[in-house]
Structures are given as structure tokens and as C-alpha cells.
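Enquirer: I am attaching a structure below and will ask some questions about it afterwards.
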Amino acid sequence: ILMLAAEGRLKIEDDVRRHIAAFPDLGHRVTLAHLMHNTSGIRDMLEIMRLGGVDLGQPCTPQDLLDAVCRQRALNFAPNTRYLYSNSNFMLLGRIVEQVSGEKFAAFLERRIFAPLGMTMTRHTPTTEELVPGLATGYLPAPDGWRRAHHRFPLHGEGGLVSSVEDLALWHALFGVPTQHGATLAKALATTMPFANGTPNTYARGLRIKSWRGITTIGHDGLWPGFKTSFIRLPEQAAAVICISNDGASDPHDLAFQVVDAMIDGVPGVAAVPSPPDWASAPELAGRYLDSHSAATIDVGRDAQGR
């Protein structure tokens, strides 16, 4: 989207309806910028389908997903008033790339990004039914060992990218090289946009900007049945940690930050590793927690008596 904007073929402040004719008037102006920052309020298409009785194991078409989003008659919230990750945002952005460029999304990515960077092990794979040489299979734990993870949903701008550590290292190298799009693109992708009330939104354009022990981190995690990833850049150290797993019960995010901790230990100004929470004195730690070994979840909270 930023490449097309730089060429004057669209503007990031364009209304989504300018490019997606079927997108309904929901009473608010929803822009491409809102999509990129996950502040659009558009409902997540996977949740829409799930509430309609269709899970990831049932087949559907790209048009089914677009139709589900376009059938909505309201937003979760007014644009740019809060953050909520929505796969619909990136699906729509991918379709807009196709609409404006006149190319299939996979072809655009290959011609404009992967091929120029020499990323020979990276491609867009809308389905797992296509045979791709060297592509790993995703797995989930089963009582007797492992089972293949399947999904029947088509993937578009919201996912479907497969790659390797080597190729992602090439992508990381782009951000420190002032080539055709390198430095300018890196800055644009990491640009945040505050909410309407002025409160900062740490989600930039497809990237999360965080501080860990006083060190800035820029990255994103990903997951799909049988696959999990974490890609964290440390711009002040000119380094990156890339973790890709085809074990659906693994926790690449935790593993990546263990590596980050090892890299920054002893660096002047870096804060100590945060202490683990004191559960006995911190009953406010309510929420859902994941057992990384079994993939089971547990919900923690107070009952009606406050216990």
C-alpha cells in the first residue's frame, strides 16, 4: 500500500469504499490508514464466520469472506478511537493492492518485493492444498503424538506468507540500507498514529512498537493452525530475532524474547529482567493463559463472592 501511495496510485487517507465498491456505508469514514493501524472498528472476518457456524476446517471462498465483512451493518467502535486486531483489515488491504495494481496479490509481492530482494524461499500461498517444494507442514499435538493441522479458509492480505529464517534476514537487512524503498519504507512502516483523543497507539503499520527493558523493539507475531512465528527487530542494536515454528503448541514469542534478553544483558542502561508475578498478592491478574506444552488454556478470575 505504501509503495502504491508513493507512486501516486492511491492515498493512505482514501476511504475504503473508494476501492472496495461492495463495502457498506457504516456511518463513519473508514480509511486505508485505519486498516493498517487496526483502528478501523471493522469486525474480524474469522469471528464473523465462526459466529455463523463456519470454522477453519470448513471450506469457503475468498468471496465468502468478503461478503461476510460487507454484510455487516455496524462497526465495533468508531474509527481511530481504539485498537483491535482484525484480519478483515489486511484482507481488504490485499484486495485493494490487486484492484489498484491490476495484479494478483501473490504476483505483486513476488515482482515488487521478493524477487528484487533475492527472497527465493518466500511466497504467498492462499491454501495448504497447493504443493510447494520444501514447505514445512504444520502440526498440532495429539494424544498419540502429532497430527497435521488443516485449514480450509483461503488466505489473502491477512496471511498466507511462507518464508525461511534466511529470507527474513534479507528482509531485515532492507531496513538498514537506503536503497529504493529501504530507509523510507522502514520509517513509514514504523510510523504510529495516535487515537482521536491523543492517546498513543503502539501498533504502527503492521508492526508493534514496544519497549522491553528500556530497549525499543519493532516486530510482529503470527499464527495459523500448526504454525507460529515471531520476528523482532532491535533497531538500536542493529539486530533481529527470527523464530519460526511448525509446532502449533510452541511459543516462539517467549523463545524470541529469551534470545533478546541474552543479547541485551549487560548493555548499559538496560533494565533488569522483570520479576515473575506474585500470584498470592496479585489477584488482579485475571485472564486466559496458555500452557505452551499441552496447548491447553486456563481462565483465571474472581467468582461472584470475589474469590
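The values are calculated or read from the model by the stated rules, or taken from the named source; none is laboratory data. Remember, it's a predicted structure, so these values are computed and weren't measured experimentally. Cβ placement follows ideal geometry from the backbone for every residue including glycine, while neighbour counts extend to all protein chains displayed. Surface areas here come from the heavy atoms of the whole protein model, side chains and all, with no ligands, DNA or RNA. Shrake-Rupley method; radii C 1.70, N 1.55, O 1.52, S 1.80 Å.
Enquirer: Give the span of the stretch 4-125's Cα atoms along each principal axis, as three whole-Å numbers ordered largest to smallest.
Expert: 42, 36, 25
Enquirer: Compute the label zone of HIS172 within the stretch 116-152: residues whose backbone N is under 13 Å from the point 7 Å along Cα-to-Cβ.
Expert: Counting only backbone N, you get no residues.
Enquirer: Take the alpha-carbon centre of the stretch 236-250, take the same for the stretch 68-140, and report the distance between them in whole Å.
Expert: 20
Enquirer: Looking at the stretch 86-155 from every direction and averaging, what is the projected area of its Cα convex hull in nm²?
Expert: Directional mean of the projected Cα hull area for the stretch 86-155 stands at 6.5 nm².
Enquirer: Where the only charges are on Cβ atoms (+1 Lys, Arg; -1 Asp, Glu), what is the dipole of the chain about its Cα centre, to the nearest 20 debye?
Expert: Computed charge dipole of the chain: roughly 800 debye.
Enquirer: Using mean Cβ contacts within 10 Å as the protection proxy, how do 129-142, 224-237 order, highest first?
Expert: Descending packing order for the listed peptides: 224-237, 129-142.
Enquirer: To continue, here is another question. Show which lysines lie in cross-link reach of LYS210 when reach means a straight Cα distance below 29 angstrom and same-chain residues fewer than eight apart are skipped.
Expert: Output for LYS210: LYS11, LYS187, LYS228.
Enquirer: Looking at the chain only, what percent of DSSP beta bridges run antiparallel? Nearest 5 please.
Expert: Rounded to the nearest five, the antiparallel share is 95 percent.
Enquirer: At 1.4 Å probe size, with the rest of the protein present, what percent of the exposed accessible area of the chain is carbon and sulfur atoms? Write down the numbers at each step before the final one.
Expert: Values: 9440 of 16880 Å².
Accessible surface attributable to carbon and sulfur in the chain totals 56 percent.
Enquirer: Per residue of the stretch 201-213, what does 6.51 cos²θ - 1.76 cosθ + 1.60 with θ = phi - 60° give for ³J(HN,Hα)? Whole Hz please, x for Gly and Pro, Karplus curve as stated.
Expert: 10, 7, 8, 7, 9, x, 9, 9, 9, 9, 10, 10, 6
Enquirer: Still on this structure, please answer the following. Of the listed peptides 16-26, 201-211, what is their order by residue-averaged count of other C-beta atoms within 10 Å, with the highest listed first? Present the calculation step by step, with values, prior to reporting the outcome.
Expert: Values: 16-26: 14.8, 201-211: 16.5.
Top to bottom by mean Cβ count within 10 Å: 201-211, 16-26.
Enquirer: Still on this structure: Principal axis extents for the chain, Cα atoms only, whole Å, descending order, please.
Expert: 56, 50, 49 Å, listed from the longest principal axis down.
Enquirer: How large is the accessible surface per residue of the stretch 124-223, computed with a 1.4 Å probe and reported in Å² as a whole number?
Expert: 57
Enquirer: Another question about this same structure. Suppose every Lys and Arg Cβ carries +1 and every Asp and Glu Cβ carries -1, with no other charges. What dipole size does the stretch 38-134 come out with about its Cα centre, to the nearest 20 debye?
Expert: 340
Enquirer: Output the Kirkwood hydrodynamic radius of the stretch 118-189, Cα pairs only, in Å rounded to one decimal. Display every interim value, and only then the final one.
Expert: Details: mean 1/r = 0.0679 Å⁻¹.
It is 14.7 Å.
Enquirer: How large are Rg and Dmax for the stretch 1-55 when only the alpha carbon atoms are used, in Å?
Expert: That works out to 13.4, 42 Å for Rg and Dmax.
Enquirer: Here is a follow-up. Just subtract the alpha-carbon distance of LEU135 and THR81 from 0.36 nm times their residue separation and send over the number in nm, one decimal.
Expert: 15.4 nm
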